[in-house]
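The block underneath contains the structure these notes are about, expressed in structure tokens.
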Amino acid sequence: MKFRVYAPVTIAFLFCLVILSTAPFSAFASIDDDARQKAAQAETYLKKLVDEVLVIVRDPDLIANPPAQEKTLYDKGLEIFDFNTFSMLALGPKYRKFTPQQRTDFQTYFSKLISQTYFPKLAGQDVENISINYLSNRPLKPKKKIFRTDIFTELVRGDTQIPIIYRMISRDDAPWKIYDIKIEGVSMAANYREQYSQQVSLTPEDIITQLKEKVE
Amino acid sequence: MKQLIAVLLVGCALVCFSPVDGFTGDTAGVATDEALPEEVLLDDEDLFAEYETQGQATQAVADPLYYFNYAMFSVNDVLYFYALKPVAQGYKAVVPTVARKGISNFFNNLMFPIRFANNILQGKGERAANELGAFVVNSTVGVLGFYDFAQRHMDINLPDEDLGQTLGVYGIGDGFYLVLPLLGPSTLRDTVGRLGDSFANPITYVEPWELAWGMRGLDQVNTVSFRIGDYEALKEASLDPYVALRNAYIQNRKSLIKE
């Protein structure tokens with residue numbers, strides 16, 4: 001008797017298990033060759049960008065002239081980073097409350113904050129000893145015409161290796177850009193997102209003012 | 001005494017095992033906002049929603065001891081800028097990089113029992129074997145571990161493992177966030193792990209105690225001498241340094257547990 005009652009349940013359960021266990025594979029299979037090929041292109045492109053940054057950082061003329069170096073790095077940063085997506089992910093749900101103009105303003109100051117705090121740090125290192133190992137890339141499932149890929153690298157600085165994942169995006173076949181960086185497993189966008197999620201009472205105006213004050 | 005420790009451990013385990021959601025206190029993950037203004041491009045919206053559900057958003061940790069933690073964070077901040085950093089800078093100026101690297105290697109080699117035990121506990125056989133091999137080679141050929149022969153010439157690397165990570169691998173949650181005086185960010189689980197690891201840490205058994213603390217101090221100053229500027233950059237780039245550091249700690253630990 002008992003068996004009769006439980007058998008359909010068991011079969012249903014096993015059926016669910018089978019469905020669940022195959023689900024990841026089908027998701028995996030849908031990352032087609034196109035996405036893989038694009039991811040490989042993204043890696044090549046990233047190498048080129050990083051090399052260009054290293055050239056700027058190592059340029060003796062620019063080292064002698066810090067404001068010019070800062071300007072050059074900032075311009076390069078705008079070319080390399082997709083600050084639109086970056087700020088979207090940094091703001092999290094708050095992003096939806098921003099008007100298009102406020103989004104642009106936020107993006108302007110946010111890009112300045114990132115370049116002001118991180119580029120001088122890069123320039124201040126003994127740059128001759130910096131090298132980057134490109135380990136692998138992992139394409140994410142494309143969404144409509146948005147392609148994304150994570151590029152796993154290792155920054156070697158003297159004797160220490162720092163794992164860095166560059167998260168890159170390409171919309172409508174536009175050039176690849178970085179929209180987030182994960183350093184030792186810490187996503188910058190997610191880090192800002194939690195900071196903003198804590199500031200519940202801040203309006204978009206407050207956020208922009210706060211950022212502006214920090215940058216200036 | 002033993003009973004007390006046992007009771008404490010069981011208590012901690014209970015807290016850690018209890019669903020984290022019930023503990024969220026004043027922190028919360030990035031909640032999904034239901035209202036979608038029309039002007040947001042559908043493509044972006046898709047991307048965004050996926051990003052939020054990928055587990056990227058759920059890095060938040062319960063922080064019921066916020067006021068204590070914030071006080072400890074402030075104390076550590078002052079200690080860093082007025083004690084640790086100047087000392088580490090002076091030390092860096094006096095001690096050549098080769099020597100500092102050697103000291104770093106020495107302590108890294110000395111912590112072998114912790115990594116070895118935790119590799120075993122996590123069932124990472126190959127890593128445990130690597131650890132053992134590297135320990136034997138570095139302690140002998142590498143002269144007491146001052147030279148990292150195995151890492152340089154045998155292509156072995158020794159990823160950090162600790163009991164906090166092992167407990168994480170076993171499925172035990174963070175419990176809650178905890179900022180320890182001097183030691184910095186931690187969680188209940190990682191603090192329990194640290195306590196457990198101390199039994200496998202050779203420095204614990206060094207006598208007299210002055211020498212043990214001297215070694216700990218040297219290790220700390222030596223480590224910081226390689227990382228001057230990292231904390232400053234995090235602080236400068238953040239809008240709320242306390243939250244930024246908490247989030248960075250939690251994200252970093254999650255990625256260590258995952259690998």
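The values are calculated or read from the model by the stated rules, or taken from the named source; none is laboratory data. This is a predicted model, so every value here is computed, not measured. Using ideal geometry, Cβ is built from the backbone for each residue, glycine included, and neighbour counts are taken over all protein chains shown. For the accessible areas, the whole protein counts, side chains as well, though only heavy atoms, and no ligand, DNA or RNA atoms are used. Shrake-Rupley method; radii C 1.70, N 1.55, O 1.52, S 1.80 Å.
Before moving on, here are some points about what is shown:
- Some residue of the range B:140-162 being buried (at least 17 other Cβ atoms within 10 Å of the Cβ), in a strand (DSSP E or B) and hydrophobic (A, V, I, L, M, F, W, C): no
- Single condition residue A:101 does not satisfy, out of (1) more than 14 Å from chain B (Cβ to nearest Cβ); (2) at pLDDT 90 or above; (3) over 23 Å from residue A:187 (Cα atoms): (1)
- Set B:48, B:73: member being open to solvent by less than 30 Å² (accessible area, probe 1.4 Å), at pLDDT 95 or above and within 30 Å of residue A:180 (Cβ to Cβ): B:73
- Residue pairs meeting the criteria (Cβ under 8 Å; at least 6 apart or on separate chains; first without any contact (Cβ under 8 Å) to a residue 60 or more places away in the chain, in the range B:186-213; second in a loop (DSSP other than H, G, I, E, B)): B:193/B:162; B:194/B:162; B:194/B:183; B:212/B:206
- The one condition from (1) over 17 Å from the mean Cα position of the chain (by Cα); (2) more than 11 Å from chain B (Cβ to nearest Cβ); (3) farther than 30 Å from residue B:99 by Cα; (4) hydrophobic (A, V, I, L, M, F, W, C) that residue A:174 does not meet is (1).
- Of all residues making up the range A:163-211, the number that are acidic (Asp, Glu), open to solvent by 20 Å² or more (accessible area, probe 1.4 Å) and in contact (Cβ under 8 Å) with a residue 12 or more places away in the chain: 4
- Check on residue B:132, outside any helix (DSSP H, G or I), aliphatic (A, V, I, L, M) and either out of contact with any Lys or Arg (no Cβ under 8 Å at 6 or more places or on another chain) or open to solvent by 40 Å² or more (accessible area, probe 1.4 Å) (or both): no
- Residue A:154 vs. criteria open to solvent by 40 Å² or more (accessible area, probe 1.4 Å), of a type in the set (Asp, Glu) and touching a residue at least 40 places away in the same chain (Cβ under 8 Å): no
- Where residue A:126 falls short, out of the listed (1) open to solvent by 30 Å² or more (accessible area, probe 1.4 Å); (2) modelled with pLDDT of 90 or more: (2)
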